[in-house]
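Only one structure is covered here, and it is reproduced in the block below.
The values are calculated or read from the model by the stated rules, or taken from the named source; none is laboratory data. Treat the numbers as computed from the prediction; the structure is a model and nothing was measured. Note: ideal-geometry Cβ built from the backbone for every residue, glycine included; neighbour counts use all protein chains shown. Heads up: the accessible areas ignore ligands, DNA and RNA and are worked out on the full protein's heavy atoms, side chains in. Shrake-Rupley method; radii C 1.70, N 1.55, O 1.52, S 1.80 Å.
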Amino acid sequence: MDDYREFQGSANLDQLKVRKASNSASPEDETILMILDLGGLNLEKLIEQGVSTDMKIIRERQYDLNDAARTLTNDVAGRWGQAPYRIQFLCDGQKFFTEIEETKKDIGMIPLEEQSKGFRWFFSFDLRFMHDSGGTFANCVLLLDEPGVHLHPGGQEDLLKRLDAYAVENTLIYTTHLPFLVDLREPGELAESGRIAGSTHVPRGMLEFRADPTSPYHQEGFQPERRIILHCATGGRSALAAAALKDMGYTNVAHLDGGLKAWVATGRPVEFATAPAK
């Protein structure tokens, strides 16, 4: 899946119908048709409702859109761990819109096309497979080359969880060099200085336990062939930790030179679980 397969959120419905009937639907058109299908919406009915001046039919149309959005929101709940979200479908005449709201942020609905590239990729990937497998997520063969290259570390972890879920009932073959960003600092340091969004917290003293596949404390995400990037406050602990992982057989390990201090000094953002103390 690449850019050309990212889902589009808006379309002119009557024009979409014409292109579909003439077998000239574009890849973008196909993604709109998938969204309608997954939500249980009927293209012909939406078009007919869109030309009506009857208030009852207009209300029925919005009820249909609300029900479809609620169904699809429930179907995908929990898959994007970065931020819970809600889907909304809107129609204005023959114009159809898909909007997304991050429910923990007070920013309202934002068009799908204006969401982050990583979110759009994940959303498209998940809905396409849901559609192509008929909602069963079973009996498919998936061949994926470098999935999720636009995702930050937290999104990559969500993707790996989805791939693990897909692999239960399907044949899954994929190549990936997605990095796994590991924060080696102590909890108090995270509370005081914040953390890089999407990073995974593993205190330095627990690293070998988390990275050892035979350990009862092994953590999902640690794979000997996977690209792993370690960081601490200034780079000392992460440099030694990278050497330790290499001694354990990890073949693609690096560390953030200068640590979080260098990250912040270049103007890059950090996030706090709670507001930092003043």
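Couplings 3J(HN,Hα) for the range 194-210, derived from phi with the Karplus relation 6.51 cos²θ - 1.76 cosθ + 1.60 (θ = phi - 60°), are x, 9, 6, 4, x, 6, 9, 8, 9, x, 3, x, 9, 4, 4, 5, 5 Hz, where x marks Gly and Pro.
Compute the label zone of Ala262 within the range 216-252: residues whose backbone N is under 13 Å from the point 7 Å along Cα-to-Cβ. Inside the label zone: 230-240.
Secondary-structure-derived ellipticity at 222 nm for the chain, considering helices only, amounts to -12500 deg cm²/dmol, per-run term -39500 (n - 2.57) for DSSP H runs with n ≥ 4. Carbon and sulfur together cover what percent of the accessible area of the range 1-129 at a 1.4 Å probe radius? Carbon-and-sulfur percentage of accessible area, whole number: 47.
Given the Cα-Cα distance of Glu169 and Ala77 and 0.36 nm per residue of separation, how much length would full extension add, in nm? Show your work: numbers first, answer last.
Numbers: separation 92, 0.36 × 92 = 33.12 nm, distance 2.00 nm.
Between Glu169 and Ala77, full extension yields 31.1 nm more.
In this structure, Ile107 and Ser10 have a Cβ-Cβ separation that, at R0 = 22 Å, corresponds to a calculated FRET efficiency of about 0.70.
Write down the accessible area per residue of the range 191-278 in Å², having rolled a 1.4 Å probe over the full set of protein chains. Intermediate results must be reported in sequence, preceding the final value.
Numbers: 5070 Å² over 88 residues.
Using a 1.4 Å probe on heavy atoms only, each residue of the range 191-278 averages 58 Å².
Residues of the range 182-199 with an amide N closer than 11 Å to a point placed 7 Å from the Cα of Glu271 along the Cα-to-Cβ direction: 195-199.
How would you classify the range 181-240 from its alpha-carbon gyration tensor, with a ≥ b ≥ c the square roots of the eigenvalues: rounded for a/c under 1.5, else prolate if a/b is greater than b/c, otherwise oblate? Could you put the intermediate results ahead of the total?
Details: a/c = 1.80, a/b = 1.66, b/c = 1.09.
It comes out prolate by the Cα gyration axes.
Listed values for the range 69-86 are Karplus-derived 3J(HN,Hα) couplings in whole Hz (6.51 cos²θ - 1.76 cosθ + 1.60, θ = phi - 60°), namely 5, 5, 4, 5, 4, 5, 5, 9, 4, x, 7, 9, x, 5, 6, x, 9, 10, and x replaces Gly and Pro. Note on the chain: antiparallel DSSP beta bridges, both residues inside, total approximately 50 percent of the bridges counted.
To the nearest 10 degrees, how steeply does helix 117-132 sit against the main Cα axis of the chain, on a 0 to 90 scale? Tilt of helix 117-132: around 60 degrees.
Computed from backbone phi with θ = phi - 60° and the Karplus coefficients 6.51, -1.76 and 1.60, the 3J(HN,Hα) list for the range 237-250 is 4, 5, 5, 5, 5, 4, 5, 5, 5, 4, 5, 7, x, 6 Hz; x is used for glycine and proline.
Each part gets one Cα centre, and for the range 221-278 versus the range 47-109 those centres are 40 Å apart.
Tell me, what is the per residue accessible area of the range 29-129 in Å², probe radius 1.4 Å?
Values: 4980 Å² over 101 residues.
That works out to 49 Å² for each residue.
Ordering Val264, Ala243, Pro216 by the projection of their Cα atoms onto the charge dipole of the range 188-278, which places +1 on the Cβ of Lys and Arg and -1 on the Cβ of Asp and Glu, puts Val264 at the extreme positive end. In the set [x] 70, 49, 31; [y] 59, 45, 44; [z] 79, 51, 35, which value of Cα extents along the principal axes in Å was calculated from the structure you see? Recomputing Cα extents along the principal axes in Å here picks out [x]. Only Lys, Arg, Asp and Glu carry charge here, each on its Cβ (+1 for the first two, -1 for the last two); on that basis the range 1-139 has a dipole of about 180 debye about its Cα centre.
Can you send over the carbon and sulfur percentage of the accessible area for the range 179-278, probe radius 1.4 Å, protein chains only?
Numbers: 3110 of 5420 Å².
The nonpolar share, carbon plus sulfur, comes to 57 percent.
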